[in-house]
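First comes the structure, then the notes that go with it.
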Amino acid sequence: MTPLPWRRRKRPAGTGTETGTPAEPRAEADPHAPATDVAAPVDGPRRVEVRGGMGAGGDIEGNAIGDGSTVHRITDSRGVTIGDNNTVYQHFHGEAYAPLARKLISFTDLIADKTAGFVGRRFALDAIDRFITAHRSGYFVIEGEPGVGKTALLAHLVAERGYPHHFVVGALGVNRAEQFLESVSAQVIAAFRLDRPSLLPVEAARDGVFLSGLLTEAARSVSGPVVVTVDALDEVWDSGDPRANLLYLPTRLPDGVFFVVSTRPRDHADLRLHVESREFFLLDAGSAANLADVAEYLEVFAARPVMRALLAAQRIPTAEFVETLLGKAEGNFMYLHHVLPAIEDGRLGASGLGDLPQGLQAYYESHWRHMRGTDSELWFAYREPVIVFLAAAREPVRPAHLASWTGLPTGRVQDALRAWREFVHVQDGRYRIYHASFRDFLQAKDEIGDISLMDANRRIAADLKRLLFGDGLP
């Protein structure tokens with residue numbers, strides 16, 4: 001694993017962990033230099049193994065192994081096991097910090113998914129580094145349309161630099177302030193070896209005060225910057241004080257502390273991020289730098305053995321393939337995520353690259369029409385109801401839930417999910433819409449009356465009420 005981008009600094013004599021003036025950042029320190037002297041885990045070189053499965057609120061299991069050390073299986077707040085060599089999570093594998101994993105939300109799978117095949121983004125990474133170098137503290141706000149690569153960029157930062165992080169994923173139900181506050185607080189305590197109890201206090205999830213205190217302590221303990229990343233502020237479920245920042249993000253950050261956050265473009269006055277220092281960076285799909293990254297991604301894909309053979313059989317030069325797809329994608333990586341595998345599998349492009357849909361929404365529409373036109377009986381009876389109810393669900397659901405809501409046999413639901421496999425994500429037997437852009441597409445279908453998400457929501461609510469209270473209530 002790439003070492004964490006900070007160096008531990010000794011506290012001046014007499015300085016406590018919660019009081020005193022924040023230390024000045026040292027200008028000569030390289031903010032991204034390898035952390036060759038990060039403190040060793042407090043429990044020594046213990047080996048950690050993980051085990052899959054869902055649990056209830058985080059746990060630790062220890063078993064003796066042959067060399068006398070202990071094997072810890074640590075789960076996060078959702079019962080998902082966390083590994084010992086991924087990003088900031090490695091710091092939870094010490095007895096002093098392992099209990100904090102009960103409040104951690106691990107994003108190992110998401111990070112691996114979003115960084116697979118990652119290319120370029122030097123222009124964006126350089127902009128982040130310049131901001132950190134030029135400012136004492138502040139928020140770097142990355143704006144971009146769905147599919148342009150905001151999440152992949154932040155996942156790359158986390159994977160390479162080990163920053164504490166949080167990904168807001170509305171479809172997973174990971175979109176509330178208390179989830180962010182507890183998970184990031186746990187990460188900051190463990191990563192910076194802060195002298196705190198092994199369990200978070202209840203006030204940690206109440207507002208941003210507790211996290212602000214931790215960030216101040218963390219900034220004092222290292223010579224480099226303290227950086228936290230937060231993805232998708234636009235997906236935050238907000239039911240709190242309209243005067244407060246989204247996720248209760250601190251208004252003022254201590255010297256040496258930075259947040260790198262992302263959101264869809266919006267009027268800056270409407271973004272609930274009232275802070276002392278912030279800078280906006282547009283990840284523009286049509287910019288020369290972004291298009292260069294898309295071209296590089298296409299060149300790498302075209303070099304795959306299957307694609308080389310396919311292009312050779314169709315007598316399509318690599319340069320023509322790259323140029324054509326570059327124009328069709330309109331700078332959107334999510335378009336390529338869908339279209340390139342379909343080309344490689346022979347499901348698209350057989351009649352010529354020029355016939356490919358223009359842009360992501362056009363691709364969704366063409367796929368929608370194809371599925372609807374192939375077998376209208378299957379469409380109206382099974383495929384459309386399943387995807388509509390999946391879009392209406394606010395969290396990942398099992399096929400049995402969809403069967404209950406739609407009134408369809410579970411086998412038919414599973415058949416429909418297989419038909420929609422390109423647009424859904426499955427983990428631990430639970431399904432959700434893969435990307436917000438497809439949810440936007442379905443929302444547009446709802447607005448023009450092609451589908452009814454409201455009817456699906458009513459059915460889900462009625463089913464939940466029946467489960468909670470039985471059939472006796474109206």
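The values are calculated or read from the model by the stated rules, or taken from the named source; none is laboratory data. Treat the numbers as computed from the prediction; the structure is a model and nothing was measured. Glycine also receives a Cβ, built like all others from the backbone with ideal geometry; neighbour counts cover every protein chain displayed.
Based on this model, can you work out whether residue 460 counts as among the β-branched types (Val, Ile, Thr) and within 27 Å of residue 339 (Cβ to Cβ)?
Working: among the β-branched types (Val, Ile, Thr): yes; within 27 Å of residue 339 (Cβ to Cβ): no.
No.
To keep it simple, each residue is scored yes or no on (1) more than 30 Å from residue 179 (Cα to Cα); (2) of a type in the set (Gly, Ala, Ser).
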{"position": "262", "(1), (2)": "no, yes"}
{"position": "266", "(1), (2)": "no, no"}
{"position": "270", "(1), (2)": "no, no"}
{"position": "280", "(1), (2)": "no, no"}
{"position": "285", "(1), (2)": "yes, yes"}
{"position": "310", "(1), (2)": "yes, no"}
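Say we look at the range 87-130 and pick out the residues that are among the aliphatic types (A, V, I, L, M) and closer than 19 Å to residue 331 by Cβ; which of these is surrounded by the most Cβ atoms within 10 Å (Cβ to Cβ)? Explain how you work it out, then say what you get.
We begin by selecting, within the range 87-130, every residue among the aliphatic types (A, V, I, L, M); these are 88, 96, 98, 100-101, 104-105, 110-112, 116, 119, 124-125, 127-128.
Next cut, closer than 19 Å to residue 331 by Cβ only: 119, 124-125, 127.
Values: 119: 18, 124: 23, 125: 16, 127: 17.
For the range 87-130, the residue satisfying everything is 124.
Can you tell me which residues in the range 199-222 are touching an Asp or Glu at 6+ places or on another chain (Cβ under 9 Å) and either of a type in the set (S, T, N, Q) or not assigned by TED's automatic domain parsing to the domain that holds residue 189 (or both)?
216
Out of the residues in the range 394-409 that are surrounded by fewer than 21 Cβ atoms within 10 Å (Cβ to Cβ) and among the hydrophobic types (A, V, I, L, M, F, W, C), state the one that is nearest to residue 173 (Cα to Cα).
397
Which of the helices (runs of 4 or more DSSP H) contained wholly in the range 71-165 include at least 1 residues that are modelled with pLDDT of 95 or more and touching a strand residue (DSSP E or B) at 6+ places or on another chain (Cβ under 7 Å)? Spell out how you get there, then give the answer.
Numbers: elements: 108-115, 122-134, 150-161.
Those helices (runs of 4 or more DSSP H) span 122-134, 150-161.
Can you find even one residue in the range 177-190 that is at pLDDT below 95 and of a type in the set (Phe, Trp, Tyr)?
no
Got at least one residue in the range 423-441 being surrounded by fewer than 18 Cβ atoms within 10 Å (Cβ to Cβ), more than 18 Å from the chain's Cα centre (by Cα) and free of Cβ contacts under 8 Å to residues at least 24 places away in the same chain?
Within the range 423-441 (the criterion being surrounded by fewer than 18 Cβ atoms within 10 Å (Cβ to Cβ), more than 18 Å from the chain's Cα centre (by Cα) and free of Cβ contacts under 8 Å to residues at least 24 places away in the same chain), the answer is no, since none of the residues qualifies.
From the set of residues in the range 345-368 that are in a loop (DSSP other than H, G, I, E, B) and of a type in the set (D, E, K, R), which is nearest to residue 305 (Cα to Cα)?
Step one: filter the range 345-368 for residues in a loop (DSSP other than H, G, I, E, B), giving 345-352, 356-359.
Going one step further and asking which of them are of a type in the set (D, E, K, R), we end up with 345, 347.
Details: 345: 13, 347: 17 Å.
Among those that are in a loop (DSSP other than H, G, I, E, B) and of a type in the set (D, E, K, R), it is 345.
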